[in-house]
1. Determine, for 333, 146, the number of other Cβ atoms within 10 Å of each Cβ, and report the residues in order from fewest to most.
2. Given a cut-off of 24 Å, name the pairs among 210/277; 255/277; 277/423; 207/277 whose C-alpha atoms lie farther apart than that in the structure shown.
3. Determine the gain in length on full extension of the stretch residue 96-residue 218; use 0.36 nm per residue of separation and subtract their C-alpha separation, reporting nm with one decimal.
4. Within a 10 angstrom radius of the beta carbon, how do 201, 280, 371 rank from fewest other beta carbons to most?
5. Taking θ = phi - 60°, what integer Hz values does the Karplus form 6.51 cos²θ - 1.76 cosθ + 1.60 yield along the range 131-137, in sequence order, with x for Gly and Pro?
6. Enumerate the amide H contacts of residue 369 below 5 Å, restricted to partners 5 or more residues apart or on another chain; note that Pro and chain-start residues carry no placed amide H.
7. Run the numbers for residue 248 and residue 170: contour at 0.36 nm per residue of separation, minus the present Cα-Cα distance, in nm.
8. What is the Cα radius of gyration of the range 215-475 over 2.2 N^0.38 Å, N being its residue count?
Amino acid sequence: MAQSGKQGSRNQTVLDRLKIIFGITVVAAGTFFVIIFYIFFASGGQMYFYYPYTYPETITMVQTIFPIALALIGLIMFLLIAVLYKCIRHRPLKKSLTVISSILAVLSVGGSGIMLYFASPNIPFWFYDAGPYLTWSNNQDASTGITVNWHSSWTTGSSVRYGSSPDHLDFTATSSDFSQFHHVRIDGLLPNTTYYYRVDLLNAGMKSFKTAPVGNATFSFCVWSDPRENNPYDAAITGPNMPAIMEQQTQLAGKKREFSVCCGDITARGVDRQTWKLWLEDICTNDFACNYSHAVSFGNHERHDDTVGRNLPLFYRYDPTTYSFTYGQVHCILLDPWNVSNAYWSYIPANIYMWMEEDLQAHANSSFTILAVHAPPVFWDGSVASNPADTGGSGAIGTQIVALASAYNIDAVFSGHWHGFWKYNLTGTLYYGIGIGGAESSGYGYGRVDVNATAMVVNAIHAETNTIFDTATILA
Ligand SMILES: [Fe+2]
Ligand SMILES: [Fe+2]
């Protein structure tokens, strides 16, 4: 009798515990559904159950981690309630409550599971290490400075050790970034000098860069555009790695590639962090952007589903609407005329136009001036674009750029957006369509520009065959 009494009491205890666990979900599931409806209303009537999400870095976190965290809070709350109930009433919870709790438990766990399933493709893009990759910041003198960027899995501080010998990284540059997105500007360097650097918090090893020469030098740079189709929305890079190809072929040709310019559409879908990660992986292959600066003129795809450009400044800190640099005898402007009120490059806003004029005047003594702008101001047939981004509406962007190019002797304008190659000479400026970086059916190609004291030779190269299919010589 004593034995079975003891067993019965044990069973009662187990049952009580089970009831408590079931009951826990009342609070958890309730909170869970409150959150779902919050998201429903907060998102203007959209339930973010489709993939890929808008703003995956916040919504998927809300949809996965938040409900789970709330379920945990609910659990703790219910435990407290259940324990108090048991202590005060000396009775287990009612059977009806147990049944309701069971149903809610299934719904809650099921709902979180579904959310986790939909979020899972994006989870690797929340936490990853990428870089370092080099650019220049706004108003940074390329002969005395560089900007080191990287993405880290976790939020950390930002510092770079550097020096003129790999054994003596005697200097440290820091920025106030305490984030996963790092941008450290280094200034005060000597021109035409190789430096070595290391990001200690990133397991990428020693990298190097060379500051720009002052005045005439012999060097090459690459210009390319529209690689994005290598990175479809939800897949890894499947096309040839263009940066790796450019690097190899430039070396094979015996050229010194000192920097590169990309005319935009670097991501498949700017809102989606995974396309940015793929981009960073792409440009860091063969140290393409780790050892050489790579300047990017932004395209419409960088704003795909992200028209206000939330992700842009996370990966590239410079203001892309007023960005230029001088490398030796070449001055380069990267124009991003986009703004919120002018979403499709139909004209250059007055303040940006004024900045361009000032910048061109200030660098009038450069032997060569080039402009990189995503959507072409002049087409293959010489027609001047009113709205080169083919998105409807009309404007004056083509006329504005042609006027600037003619007034300030811009030698070459490079564009992409239309996925093909062309060249057109209009009032002494060569307008290039170089949107052959891999997107869609354009094939693979890029431009290699060989510069010396007297000439700038623009070679269009088939990446797959490493053959030059178009050459133009621009004299100083
Ligand atoms: Fe494109
Ligand atoms: Fe485009």
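1. Numbers: 333 23, 146 27.
With the sparsest Cβ surroundings first, the list reads 333, 146.
2. Details: 210/277 26 Å; 255/277 29 Å; 277/423 32 Å; 207/277 20 Å.
In this structure, 210/277; 255/277; 277/423 exceed 24 Å between Cα atoms.
3. Gain on extension, residue 96 to residue 218, equals 35.5 nm.
4. Numbers: 201 17, 280 21, 371 27.
Lowest to highest Cβ neighbour count: 201, 280, 371.
5. So the Karplus estimates, Gly and Pro as x, are x, x, 10, 9, 9, 10, 8 Hz.
6. 331, 411, 412
7. Numbers: separation 78, 0.36 × 78 = 28.08 nm, distance 3.16 nm.
Fully extending the segment from residue 248 to residue 170 adds 24.9 nm.
8. Relative to the 2.2 N^0.38 Å estimate, the range 215-475 comes out at 0.92.
Here, each number is a calculation from the coordinates, and none is a lab measurement. Worth saying up front: this structure is predicted, and the values here are computed from it rather than measured. Every residue, glycine among them, receives a Cβ derived from its backbone with ideal geometry; neighbour counts consider all protein chains shown.
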